[in-house]
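Written below as structure tokens is the structure these notes are about.
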Amino acid sequence: MSGAGVDPGGSRPAGAAGGPAGAAVAPEPPPDVVRRAGPGDVAFTPRDRYHDLVAAYRASGFEMLSDLCGVDYLTHPGRSLPEGVEPERFEVVANLLSVSQRRRVRVRVQVPASDPVVDTLFDLYPGAEAMEREAFDMLGIRFVGHPDLTRILMPEDWEGHPLRKDFGAGRVPVQFKEAPGPR
């Protein structure tokens, strides 16, 4: 699809109203943030600027965190990233939505395997609580400042993080009620 007819900062058709009069516009990213324009912005930010950038989007009218997830790129080290963004094993992706402006932005931050830690977004979007716990439980990415960073899907005594690409795929026997034993 061609970019003609779409404003470079969002997903509105060119000339479409940007929401109520006086609505805030998305912040201009700091110089260390790489941005891809198109149908929904994508902002690549350094780890130490992640919380500040999301806070700026929040202040400019992005009232909803629609999704937050972790990604393990162990088997894709040479993936395509914009110039100036160094690939790391993990990535945290936060999808922000402005209903009032009819815009969305995806914030992507690279997270090294040697120190899989980023700031929490819980203070900005309380709904991030369960999504960050899932990223911690499945991939082992820790969120600094999270109020209850405990497992959410796996048992507390589970060892490892099952969505990591190097997690051993083992066999877990399934027990059925009143089953006569191994078949």
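The values are calculated or read from the model by the stated rules, or taken from the named source; none is laboratory data. Everything quoted here is computed from the prediction, not taken from an experiment. Don't worry about glycine lacking a Cβ; one is built from the backbone with ideal geometry, like all the others, and counts go over all protein chains shown.
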Exercise. So how many residues does the stretch 50-97 have that are closer than 20 Å to LYS165 by Cβ, assigned to a strand (DSSP E or B) and not aliphatic (A, V, I, L, M)?
Worked result: 5
For this session: Could you tell me which of the residues ARG108, ARG89, ARG102 is more than 17 Å from LEU53 (Cα to Cα), at pLDDT 95 or above and not small (Gly, Ala, Ser)?
Result: ARG89
Exercise. If we keep just the residues of the stretch 98-127 that are more than 24 Å from ARG164 (Cα to Cα) and assigned to a strand (DSSP E or B), which is nearest to the chain's Cα centre (by Cα)?
Worked result: VAL105
